[in-house]
Amino acid sequence: MSGDTLPKRPRGRSWAEHDTAVYVVSTLNLVRTHRHSLPDRLTHFGITRYEVYSDLDKADVYFIELRRADGTIVGALVYRMGWLKPESVSLFTDRLGVQKAPRPLVEAYESDRKALIGSFTSTLPQADHLRERGWQAAVSLYGETLLPKFADVPLSR
């Protein structure tokens, strides 16, 4: 793979912050609401961007804001490292059926200092990046795998 196909370090952020933000936003794929994945439900409400913030007052706590194309914040979730999946800190995500976060974390979202560590248009940002660089997705029973695009090479089972 040539150097121009590798992701570039986000401006003003470390690779560690970027990797953490990618991991945190991808945990949204584990949230189920009424027999649907949360990202599937969010597209119906016009969510186009996921912004990941690090809580500057609490270690290992991250907030994910759900935004529409015009920048409006529609809802938010909290993720603490070690949790299986994020929990709700907003009325919008409460109404979708996402498990409510403990009160201290809801209050932390409203009052703690935060730093933006990532902004994404997908809950699979690494897969999207690789697709932009000429890779294709192969879906298997084990999930999505990314393969380089070769026009004359068929995918085998």
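The values are calculated or read from the model by the stated rules, or taken from the named source; none is laboratory data. What you see is a predicted model, and the numbers here were worked out from it, not measured in a lab. Methodologically, a virtual Cβ is constructed for each residue, glycine included, from the backbone with ideal geometry; neighbour enumeration extends over all protein chains shown.
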> Taking interchain pairs and intrachain pairs at least six residues apart, which have beta carbon atoms under 7 angstrom, with the first residue in segment 79-104 and within 15 Å of K58 (Cα to Cα) and the second charged (D, E, K, R) and assigned to a loop (DSSP other than H, G, I, E, B)?
Replying inline: R80/D60; M81/D60
> Could you give every pair whose Cβ atoms fall below 9 Å, whose first residue belongs to segment 25-38 and is free of Cβ contacts under 8 Å to residues at least 60 places away in the same chain, and whose second residue is part of a helix (DSSP H, G or I), counting only separations of at least 6 or pairs across chains?
Replying inline: L30/L38; R32/L38; S37/L28; S37/N29; S37/L30
> Which of the residues that make up segment 106-126 are free of Cβ contacts under 8 Å to residues at least 40 places away in the same chain and hydroxyl-bearing (S, T, Y)?
Replying inline: S111
> If the Cβ limit is 8 Å and pairs must be 6+ apart or interchain, which residue in segment 49-64 that is farther than 9 Å from V78 by Cα pairs with which residue that is at pLDDT 95 or above and hydroxyl-bearing (S, T, Y)?
Replying inline: V52/Y62; Y53/Y62; S54/Y62; D55/Y62
